[in-house]
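Here's the structure, in structure tokens; my notes come after.
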Amino acid sequence: MIKKRNLVFLGAPGAGKGTLAQILCQEMKLAHISTGDILRSEIKNGTELGKKANSYVTSGGLVPDDLVTDMVGKRLQEKDCQNGFVLDGFPRTIPQADLLEKVMVKHGIKLDKVVYFEATEGILIKRLTARLLCRKCNTNYNTVFSPPKAKGICDKCGVELYQRPDDSLETAKDRLRIYNVQTAPLVPYYKNKMLLATINAEQAKDKSYPELLKVLV
């Protein structure tokens, strides 16, 4: 059983954060938190925060960091987060990390560990251009990291898998460039706060998952 249960997963696109977050959250009954899901939920439910966010979305602007962080803070107080949570893909920048720390202190929530999924650019490019998606249930697969049991067929519903046009080499390189500028500085940021644990994310999930569990004991 893991002891570190309030978590941030940090790593480049293609590092396997989302895949291992899903497995961990299912096995350990943690809440898997995505800011995109929160944003869509707040807007759909017409909350005060949702109305503010929608005004930016409809005008084509970016939702401000403080507004996103307030939504995350609200989400972390929900019942399913009491047993622990994984923030997957947030924070993305140091200013967001500073805001997250403030909102967690405000609500009396402690961050236990930040797990850094370390992988070389070559591996990341290979994975990012090997992603497959189910047309019916939207389950993600990766021919390198998490392939389907039958080639090109979804494990869950037997539908043919496809590759999105934006999973091209050019797009993959651009995503990594943005990550290196905006998000990579969070690695030393959390290391200085004595919260960082690093795992080798170049391995297949059946090897990287046990390594993940070890750093959460």
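The values are calculated or read from the model by the stated rules, or taken from the named source; none is laboratory data. All values derive from a computational prediction rather than experimental measurement. Quick reminder, even Gly has a Cβ in these numbers, built from the backbone with ideal geometry, and neighbours come from all protein chains shown.
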Cβ-Cβ under 8 Å pairs, at least 6 apart or on other chains, segment 147-169 side closer than 18 Å to LEU128 by Cβ and surrounded by 13 or more Cβ atoms within 10 Å (Cβ to Cβ), far side at pLDDT below 95 and of a type in the set (S, T, N, Q): ASP167/THR129; SER168/THR129
Every residue from segment 83-93 that is under 19 Å from LYS17 (Cα atoms) and not in a strand (DSSP E or B): GLY84, GLY89, PHE90, PRO91, ARG92, THR93
Top-ranked residue in segment 108-143 [being farther than 30 Å from GLN77 by Cα and part of a loop (DSSP other than H, G, I, E, B); ranked as nearest to the chain's Cα centre (by Cα)]: ALA119
Residues within segment 171-217 that are in contact with a strand residue (DSSP E or B) (Cβ under 7 Å, 6 or more places away or on another chain) and not in a helix (DSSP H, G or I), tallied: 8
In segment 93-137, residue surrounded by the most Cβ atoms within 10 Å (Cβ to Cβ) [restricted to those that are more than 22 Å from LEU67 (Cβ to Cβ) and among the β-branched types (Val, Ile, Thr)]: VAL115
Selected residue (criterion: surrounded by the fewest Cβ atoms within 10 Å (Cβ to Cβ)) from residues of segment 206-217 that are in contact (Cβ under 8 Å) with a residue 24 or more places away in the chain and farther than 16 Å from THR120 by Cα: VAL217
Meets criteria (among the aliphatic types (A, V, I, L, M), in contact with a strand residue (DSSP E or B) (Cβ under 6 Å, 6 or more places away or on another chain) and farther than 24 Å from GLY84 by Cα) for VAL159: yes
Residue identified as assigned by TED's automatic domain parsing to the domain that holds LEU195 and free of Cβ contacts under 8 Å to residues at least 12 places away in the same chain among VAL103, VAL181: VAL181
Segment 22-47 residues that are under 15 Å from LYS74 (Cβ atoms), paired with ones that are among the polar types (S, T, N, Q) and assigned to a helix (DSSP H, G or I) (beta carbon under 6 Å, 6 or more apart): ILE43/ASN54
Candidate set: segment 198-207, residues that are at pLDDT 95 or above and within 16 Å of the chain's Cα centre (by Cα); chosen: the one nearest to LEU186 (Cα to Cα): THR198
Any hit, segment 29-48, residues being among the small types (Gly, Ala, Ser), more than 19 Å from the chain's Cα centre (by Cα), modelled with pLDDT of 95 or more and outside any helix (DSSP H, G or I): yes
Hits in segment 57-92 (condition: surrounded by 14 or more Cβ atoms within 10 Å (Cβ to Cβ) and over 19 Å from the mean Cα position of the chain (by Cα)): VAL57
